[in-house]
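The values are calculated or read from the model by the stated rules, or taken from the named source; none is laboratory data. Bear in mind that the values here come from a model prediction, so they are computed numbers and not experimental data. Please note: Cβ atoms are built from the backbone with ideal geometry, for glycine as well, and neighbour counts cover all protein chains shown. The area values use the complete protein model at the heavy-atom level, side chains included, leaving out ligands, DNA and RNA. Shrake-Rupley method; radii C 1.70, N 1.55, O 1.52, S 1.80 Å.
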Amino acid sequence: MELSELQAEMERLHPACYGWALSCCSRQREEAEDVLQTAYLKILQGKARYDGRSAFKTWLFAVIRRTAADARRTHFLRRLRIMRYEEEARAPLDEGGSAAATGQPAVEISCRQALAVLPRRQREALQLVFYHDLTLREAAGVMGVGLGSARTHYERGKKALRKRLARQDVTHELE
């Protein structure tokens, strides 16, 4: 099937595809739109190819279903990593409560604990930039937000982190 034929069929079937994507995404409109866009890109970029063994609509719906499953898996794993990080940050240091017992400086532990209580987007922005050495543009891509939004989350996160650490009287140790 040629590219122009693919596009024409996808346009014709778009309302049904959107309904199917909504169904695959538990009726969450934004997630369904993202899944549908990703599925269309896979098809147009040649990552998913129609071989004619089934009806086009059947094949297209299967691509959407697999794309939605991939998105759910990605979201689940991201939440799992964040939950694991939060658990580590909130875990008691040890029975005596000393930082030396964990092998981590008190400043690092205070930073992790302060970071864990920030709003999710702020925490993600700071982690991606500081711990994973990504640029703000790359962090925005990972977070699935625009560059301006990533900048806002990053700046607000830094400000909130400074404020929390100042309350804990840790900022002088950071400098």
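Please work out the average accessible area per residue across the chain, using the 1.4 Å probe convention, and give it in Å².
Details: 11420 Å² over 175 residues.
Accessible surface, normalised per residue, equals 65 Å².
Provide Lys57, Lys163 ordered by accessible surface of protein heavy atoms (probe 1.4 Å), highest first.
Numbers: Lys57 95, Lys163 135 Å².
Result of the area sort, largest leading: Lys163, Lys57.
Here the 3J(HN,Hα) profile of segment 144-153, calculated from phi with Karplus coefficients 6.51, -1.76 and 1.60 at θ = phi - 60°, is x, 10, x, 4, x, 5, 4, 4, 4, 4 Hz, Gly and Pro shown as x.
Using 0.36 nm per residue, how much length does the chain from Glu5 to Ile109 gain when fully extended, once their Cα-Cα distance is taken away? Intermediate values should be presented prior to the final figure.
On the way: separation 104, 0.36 × 104 = 37.44 nm, distance 5.79 nm.
Full-extension gain reported as 31.7 nm.
Rolling a 1.4 Å probe over the protein chains gives Thr38 an accessible area of about 60 Å².
Between Ser54, Val129, Pro15, the Cα set farthest toward the positive side of the dipole of the chain (charges on each charged residue's Cβ, about the Cα centre) is that of Pro15. A Förster radius of 41 Å, combined with the Cβ-Cβ distance separating Ser23 from Val117, puts the computed FRET efficiency at roughly 0.65.
The accessible area of Arg120, taken with all protein chains in place and a 1.4 Å probe, comes to roughly 120 Å². The modelled label-to-label distance between Gln37 and Ile82, using points 7 Å beyond Cα along the C-beta direction, is 1.9 nm.
So, with a 1.4 angstrom probe, what is the percent of accessible area on the chain that is carbon and sulfur? That share works out to 51 percent.
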